[in-house]
C-alpha cells in the first residue's frame, strides 16, 4: 500500500482526450461561413430594415403634406351678462350649465326704490301739467288786461306807467307759461328715465347659448357693468389653433382639417380653415415682447387661426357635445 508521501509525489492522471467529430467533405467551419449567410445576423437585420421602411411609409402617408398641432381648443363667442344700474339681485332665473334662449329673463333686480321714484316722478309730471293750465289762464287774463289798457291809454284814460305795467304783466305771464311747459318736459323725461331703470332691473339673454359661469349670488349688490353670468353662444363654435409662424407659409384659406377632440378619442371631426389671426398671440400677452431692448432672443411666435367644424366624418356622432375650452388636436392637409 502506497504511503502518503508516495501519493503526493505521484502526478495526477490526465483525462482522456475527447475525439473531435469527423466533418463531412461538404460541411464548413463556422468561421468559414460568410456574414450574409449567418441567420443570427440576417434575421435582426431584416427586422431592422422592415421597421425603418414601415416607419418611412407611415411618415409619408400620415405626415407628409400635413401640419399637426395640439395647441388648439374649441372656441365660441362669449357674452358677459351684466347690469346697467346699481341694484340688489332679487332673483336668478338660471344657473351654471343651463341652456338659455334669446330674450329669456336671467336676472331680476330689486325695484322697490325705483317704483317709489316712478310714483314721485309721475306726481311731479301731473303737477307740471297743472301748472301749465294755470299759466295759460294767467296769460289769457294778462292778454285781456293789456288790450283794455291799450284802449284806455289811446284815449288818455290811464297813464303811461299803468300801460307799461300791463305790458310787463303780459310778458311775465308768457314767460311763466314757457317755464311751465319746460317743467312738463323735464318731468316727462324724468318719468322716462325711471321707467328705463325699471326696465333695466330685468336682464335678459341676448343670444341662444349655455351659461358657462355664474359670478354672483342672489342678494348680492351689483355695480353697473359688473358681470353676473358668462354665456357662450351655442349657435356657432369653431377651433382656435395656435400654429408656429414657420408653418403659416404653407397654409391657405379653405384647407381641410382633421380634428380629434380629447373627449372623443375614437371620433374624427372635419373642418376647414376660415380665418387667420391679425397678429401673433404674444402681442396680447400680459407682458408683450419688446424686441427693441438691448438683449434680444429670437423665439418662434405662434399665430392663431380659426377652423370651422362644418362637417363630421361618418364615425362621429351628431349628438357629440362640444364645449368651449375642450382640448383638440388638428391635422391640416396642405397638399
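Just one of the numbered conditions (1) surrounded by 13 or more Cβ atoms within 10 Å (Cβ to Cβ); (2) at pLDDT below 90 is not true of residue 236: (1). Just to be sure, is residue 122 crowded, with 16+ Cβ neighbours inside 10 Å and part of a loop (DSSP other than H, G, I, E, B)? No, not satisfied.
Every residue, every condition in (1) assigned by TED's automatic domain parsing to the domain that holds residue 192; (2) within 17 Å of residue 215 (Cα to Cα), yes or no:
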position: 48; (1), (2): no, no
position: 74; (1), (2): no, no
position: 89; (1), (2): yes, yes
position: 109; (1), (2): yes, yes
position: 123; (1), (2): yes, no
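The set of residues in region 103-118 being touching a residue at least 40 places away in the same chain (Cβ under 8 Å) and either closer than 19 Å to residue 216 by Cα or not in a loop (DSSP other than H, G, I, E, B) (or both) consists of 104, 105, 106, 107, 108, 109, 110, 111, 114, 115, 117, 118. Apart from one condition, residue 181 fits all of (1) farther than 22 Å from residue 124 by Cβ; (2) at pLDDT 80 or above; the exception is (1).
Test residue 90 against the criterion of being at pLDDT 90 or above and part of a loop (DSSP other than H, G, I, E, B), and give yes or no. No, not satisfied.
Residue under question is residue 85, and the condition is that it be closer than 30 Å to residue 204 by Cα and outside the structural domain of residue 242 (by TED's automatic domain parsing); does it hold? Yes.
Taking each residue of region 74-91 that is on the phi < 0 side of the Ramachandran plot and in contact (Cβ under 8 Å) with a residue 60 or more places away in the chain and looking for partners that are assigned to a strand (DSSP E or B) and surrounded by fewer than 14 Cβ atoms within 10 Å (Cβ to Cβ) with beta-carbon atoms closer than 6 Å, six or more apart or interchain, yields 88/221. The residues of region 283-335 that are at pLDDT 75 or above, assigned to a loop (DSSP other than H, G, I, E, B) and under 23 Å from the mean Cα position of the chain (by Cα), listed by number, are 285, 286, 287, 288, 301, 309, 321, 322, 323, 324, 325, 326. Close Cβ contacts (under 9 Å, 6 or more residues apart or on different chains) running from residues in region 265-292 that are in the same structural domain as residue 320 (by TED's automatic domain parsing) to residues that are in a helix (DSSP H, G or I) comprise 276/248; 280/245; 288/282; 289/282; 289/283. Among the numbered conditions (1) modelled with pLDDT of 90 or more; (2) under 19 Å from residue 75 (Cβ atoms), the only one that residue 226 does not meet is (2).
The values are calculated or read from the model by the stated rules, or taken from the named source; none is laboratory data. Keep in mind that what you see is a predicted model, and the values were worked out from it rather than measured. Cβ sites come from the backbone with ideal geometry, for glycine too, and all protein chains shown count toward neighbours.
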